[in-house]
1. Exactly one of (1) within 18 Å of GLY139 (Cα to Cα); (2) part of a strand (DSSP E or B) is unmet by SER108. Its number?
2. As an exercise: evaluate LEU53 against (1) in a strand (DSSP E or B); (2) at pLDDT 90 or above and give the number of the one condition it does not meet.
3. Are any of the residues in the stretch 29-37 modelled with pLDDT of 90 or more and either open to solvent by less than 30 Å² (accessible area, probe 1.4 Å) or not polar (S, T, N, Q) (or both)?
4. Within the stretch 104-115, which residues are free of Cβ contacts under 8 Å to residues at least 60 places away in the same chain and either of a type outside the set (Val, Ile, Thr) or touching a His at 6+ places or on another chain (Cβ under 7 Å) (or both)?
5. Cβ-Cβ below 6 Å, separation at least six or inter-chain, first residue in the stretch 116-139 and farther than 13 Å from PHE66 by Cβ, second small (Gly, Ala, Ser) and surrounded by fewer than 16 Cβ atoms within 10 Å (Cβ to Cβ): which pairs?
6. On the given criteria, is ASP159 among the acidic types (Asp, Glu), within 17 Å of ARG76 (Cα to Cα) and surrounded by 14 or more Cβ atoms within 10 Å (Cβ to Cβ)?
7. Do we have any residue at all in the stretch 95-102 that's under 21 Å from ARG55 (Cβ atoms), open to solvent by less than 90 Å² (accessible area, probe 1.4 Å), at pLDDT below 95 and assigned to a loop (DSSP other than H, G, I, E, B)?
8. Assess whether ALA122 counts as being touching a helix residue (DSSP H, G or I) at 6+ places or on another chain (Cβ under 7 Å) and open to solvent by less than 50 Å² (accessible area, probe 1.4 Å).
Amino acid sequence: LSRVSIDDLTRQEGVGKVKAQIIKSALELARRVAAEERPERPMVRTPEEAVVLLRGEATNKEVEQFWVLLLDTRYRLIRPPRSLTTGILDASLIHPREVFKEAVRTSSAAVVLAHNHPSGDAEPSGEDIEITRRLINAGRVMEIDVLDHVILGMPSAEDPHGFCSMRESGLVEF
């Protein structure tokens, strides 16, 4: 429902414009309440902790979006996850400059990278693997650790977690 527009909702029998707006408002309110229930500066040590921070945001997207989680020396979130780029249906272009500009500005010790796959399949593409390698190398030069790159899909019977950790998958050396 979070991806459906108000116009699409009104096409359903018994759903007028006001009811569609109420449905969309309720979904947005639920997303905001979930965000408020998080600790102010949560620790991000595992891909699951990164997914908790991003799942609500990522499932609403119809195009790829790329986030960076900026962390201090204790791996606490410096500020809420920041979306750096929004792409087309199946690609989000990211450059190390955008990732590390924010990391330097906030004196981050480490970052966790994340992006969504609107298809719901969290399997990394060749491009995902290559950009992860480039960002890890750029981080090494800047002495900012890239802890992981998490790809968010949708939970399914084949993939009940609905995400892929590049670190845990072993596809890239961190």
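The values are calculated or read from the model by the stated rules, or taken from the named source; none is laboratory data. All figures in this text were calculated on a predicted structure; none of them were measured in a lab. Every residue, glycine among them, receives a Cβ derived from its backbone with ideal geometry; neighbour counts consider all protein chains shown. Accessible surface is based on the protein model in full, side chains and every heavy atom, while ligands, DNA and RNA are left aside. Shrake-Rupley method; radii C 1.70, N 1.55, O 1.52, S 1.80 Å.
1. (2)
2. In the conditions (1) in a strand (DSSP E or B); (2) at pLDDT 90 or above, LEU53 misses (1) alone.
3. Within the stretch 29-37, none of the residues are modelled with pLDDT of 90 or more and either open to solvent by less than 30 Å² (accessible area, probe 1.4 Å) or not polar (S, T, N, Q) (or both).
4. Correct list: ARG105, SER107, SER108, ALA109, ALA110, LEU113, HIS115.
5. That search, which allows pairs on different chains as well, returns nothing.
6. No; evaluated as a whole, the condition is false for this residue.
7. no
8. Here the answer is no, as ALA122 does not meet what is asked.
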